[in-house]
1. When both residues are 6+ apart or on different chains and their Cβ atoms are under 7 Å apart, which pairs have a first residue that lies in region 461-473 and is under 23 Å from L21 (Cα atoms), and a second that is open to solvent by 90 Å² or more (accessible area, probe 1.4 Å) and in a helix (DSSP H, G or I)?
2. Yes or no: region 157-179 includes at least one residue that is within 30 Å of V72 (Cα to Cα), open to solvent by 50 Å² or more (accessible area, probe 1.4 Å) and either at pLDDT below 95 or assigned to a helix (DSSP H, G or I) (or both).
3. Can you name the condition, by its number, that T538 falls short on among (1) touching a residue at least 40 places away in the same chain (Cβ under 8 Å); (2) of a type in the set (S, T, N, Q); (3) out of contact with any strand residue (DSSP E or B) (no Cβ under 9 Å at 6 or more places or on another chain); (4) surrounded by fewer than 19 Cβ atoms within 10 Å (Cβ to Cβ)?
4. For residues in region 256-286 being within 17 Å of R216 (Cβ to Cβ) and not in a helix (DSSP H, G or I), which is nearest to the chain's Cα centre (by Cα)?
5. Assuming V440 fulfils every condition listed in (1) farther than 18 Å from T390 by Cβ; (2) in contact (Cβ under 8 Å) with a residue 24 or more places away in the chain; (3) out of contact with any Gly (no Cβ under 7 Å at 6 or more places or on another chain) apart from one, which condition is it?
6. Any residue at all in region 129-149 that's touching a residue at least 24 places away in the same chain (Cβ under 8 Å) and within 19 Å of A446 (Cα to Cα)?
7. Going residue by residue through region 519-531, is there one that turns out to be without any contact (Cβ under 8 Å) to a residue 40 or more places away in the chain and surrounded by fewer than 24 Cβ atoms within 10 Å (Cβ to Cβ)?
8. Taking strands (runs of 3 or more DSSP E) that fall entirely within region 526-588, which contain at least 1 residues that are under 16 Å from F370 (Cα atoms)?
Amino acid sequence: MAVAELLAKFPRERTWLLPALQAVQRAERYLSPEALEAVAAHLRVPKSEVWGVASHYPELRLAPPGTRVVRVCTGVSCKLRGGGELLAACERRLGLRAGQTTADGAVTLEAMDCAFACAVAPVVEIDHACHGRVTPRALDALLAARPAAHAAAATPGVAPPSRPTTGSPAARFAALRREAERRRTGARLAVGLGTCGRAVGARETFEALRLEVKRRGLPFAVVAAGCNGMCWAQPVVEVLRDGRPRLTTGPVAAAEVPRLLNALAANPAAAPDVGGDWLARQRRVLLERCGLADPADIADAIRHGTYATLVNALEDARPERVIEEVRAAGLAGRGGAYFRTAVKWAACREAKGAPKYLVVNGEEGEPGIFKDRHLMEGDPHRLLEATLLTAYAAGATRAILYIHGEADLSAERLQVAVAQAGEWGLLGERILGSDFSLDVELRRGAGGFVLGEETALLESIEGYRAMPRTRPPFPVESGLWGKPTVINNVETLCAVPSIVAEGGAWFASLGGGGGTKLFGLSGHVRRPGIVEVPLGTTLRALLDDLGGGSSTGRPLRAAVLGGPSGSAVPARQFDEPLVPRGPVNPGTGGVVALDEGVAVQDVVRTLLAFNTRESCGKCTPCREGTARLLRMLDGPIERERVSALAGVIQIASLCGLGQAAPLAVLSALAEFPEEFELS
C-alpha cells in the first residue's frame, strides 16, 4: 500500500503523528525522508518537528534494516544467563558487529536493552519472533531457520449476543451472564500462551494438543490462555474440570503431549502437579484468573466474575463510593512512586473542564520489569473492568490504553477485549442502559523509558517528543489537551475491581497492610516468573521460597530491586520487609538475583548506561549528569565527587528518570565498595 493511502485513514491532527509514523514503518520497514515529508504534509506538522519526533523514539528507524533483523537481549537478566556470549556468537556467525547491517543488506544485528521476557532468559529475537532459553548450541539453527507460521493459536471469533435493551444495568447484565453460561465449554486444557510461553515452544504445544485432542475425540476444549506466572515451567498446561481442583503441569513440550493425554485418560491425578505448592505460597488477587481464563473470550471472562463489580457500581449510582473504597484500601501507585490513587481520582472528579480523560499506562519500558504484560496478556477484561470503574469514579468519558510498542501480544489481546466489550454493551454510550458512557482507544508507544513519567506520556499522545512537563499544573487539573486527566499504570488499576467488590478494608488488611504487590523474579533463581504477595514480604521469601533459591549453586550475594531506577540490595538486607519508603523499597517490583560470581559494578554500569541512553535530553542534570557519572565508573572513583554529582542529578532533574538514575550506583558504592577502584 502506498504511503499516501496509509495516511489517508488518519485525521489531519497532530495527535496522530506517532500512529502515522508507526503505520508507515510497518509498511516500509523504515521511515525514509520522503515518507517523513508525506507525513508532515498530511498532518500539517512542520517537517522539522516530524523529524524531531521520528528521531526521538528508539523503535522508529530512519535507515533501512536488513532483510532479516536479529536482536540479542543484553539486559541484566539476559547477561547473567549468557546473553553477552550469544551476542558475541552472533557477531562471529554473521560476520558483523552489533548495530551493523551486512553489505548485501541481508541481515541487521542489534543489541537490545530488554526483551521483557526476563524469566526465560537469555532471549534472542529474530524477525520479531522471540526465542527464550537460547543456548549457543541452538543459535545456528535459529539463525538458519525461516520464520515459522503460527496460525493455530489465532484468536477465534466470539459471536456477540442479542443485547438486552430494557431493564436496569443488573437486569441487562443478568441476561449477558445467562448467555455466557450457555456458552460454557466444560473441561479445558489451558496452555500458557503468554510472551514467555510462546518464546519456549508453547505454540507448538498448543497445536499438538489441539490436533491430538481432536484425533482422540477427547472431551476437552484447548484454550490459548495467558501465563499464570510460572514462566520457569513453560510450556504450562492447566487441566481444568468442573468440580475438580486445577492441575498445573509443565514444562510440556509438543512431543510430550501424547504422554500427558494418556496420563489424563488413565488417572487425572497421575500427571505431575508442579504448581500447587508454589501457588499456595502466594496471595493471588490480580493474578487469580491468569492462566485459567481465555483472554480472547468475553463470555469466559464473565463466567469468571468480570464486570459484575462494575454492574454493582452502576446500580449503586454513587461514583464517590468507588473512590472511598479505594481510599480505604490505601491503594498507592504500583509504578514505583506509590502516590495515593484515590487522591488523583478525587481531584480529577472535582476539577473543572470536559471531557475528562483516563490514560492507562501500559508502557512498562524498564528492563527487568514484565508484570504488567502478564496482566494484559492473561486477563485483559480485568483491566477493562478496572478502566471502566476508574473512569466512572473520576468522571472521565474517554480512556486511552497506551501500550508499549513491542508488547504486541498485550495490544492484540486488549484490542480484542475492547471490541468484544463494545459488542456486548459493556463499552460505549450509556453502558447497560445507565447514564455512564466511555469511549476507549488503544495507542502504542515507540520505546522510551521516559514514557513511564506521566506528563511525558501525555506529550507523546498529543504528537510530540516524550518529554516531561513542568508541574504544576498537575494532569488532574490540566492534562491531555489541557483537560483533567487521571493516569494510572496497569497493576494499580487491576487491583480496583477486587477492592470495590470486597471493600477497601479487606485489601488494606492483606499481609502487613497495603494490599498485594506483583514481583517479577529473574536472574540467578531456579523459578523465575511473576508472583503476587502482600506488601511487607521479604526478598528472602521471594528468592528462596518462591524463586527456589540460587540456580547456580552459588550463594546469592545481592539483588537488583526495581530495575534501572532501583538499587542493589545486599544479602544482609534480604530479611527486611519490602514496604514503600522503607529501608528496602519494592519499587516497580523487578527482582534480579545475583549470585556471588557476579560483578556488581558491571551490573550497575549496565543500569546507568541504560538511563543515560534513555534520557530525553530536556533537562541538563539528567542529560549531562548521567553521562558524566557513567564516565566516572571507568576509572579510579572519588567517592565524594560521585556522591556530589549524584546528589545534583537527584535534586535538579525534572522527572523521576533522572531523580532515580544514580540510585543503583550509590547503593552499590555503599554496599560493595570493594568492587570499585576507589581513589
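The values are calculated or read from the model by the stated rules, or taken from the named source; none is laboratory data. Predicted model, so just to flag it, every value in this text is computed and none were measured. So basically every Cβ, Gly included, is an ideal-geometry build from the backbone, and we count neighbours across all protein chains shown. Note: areas computed on protein heavy atoms with side chains; ligands, DNA, RNA excluded. Shrake-Rupley method; radii C 1.70, N 1.55, O 1.52, S 1.80 Å.
1. Going by the 7 Å Cβ cut-off, the qualifying pairs are E462/W481.
2. To start, the set of residues in region 157-179 that are within 30 Å of V72 (Cα to Cα) comprises none.
Among the residues of region 157-179, not one is within 30 Å of V72 (Cα to Cα), open to solvent by 50 Å² or more (accessible area, probe 1.4 Å) and either at pLDDT below 95 or assigned to a helix (DSSP H, G or I) (or both), which makes the answer no.
3. Unmet for T538, out of (1) touching a residue at least 40 places away in the same chain (Cβ under 8 Å); (2) of a type in the set (S, T, N, Q); (3) out of contact with any strand residue (DSSP E or B) (no Cβ under 9 Å at 6 or more places or on another chain); (4) surrounded by fewer than 19 Cβ atoms within 10 Å (Cβ to Cβ): (3).
4. Taking the candidates together, the pick is A271.
5. (1)
6. Among the residues of region 129-149, at least one is touching a residue at least 24 places away in the same chain (Cβ under 8 Å) and within 19 Å of A446 (Cα to Cα), which makes the answer yes.
7. Applying the first criterion (without any contact (Cβ under 8 Å) to a residue 40 or more places away in the chain) to region 519-531 yields none.
No, that holds for no residue.
8. Values: elements: 529-534, 556-561, 567-570.
Of the strands (runs of 3 or more DSSP E) lying wholly inside region 526-588, those with at least 1 residues that are under 16 Å from F370 (Cα atoms) span 529-534, 556-561.
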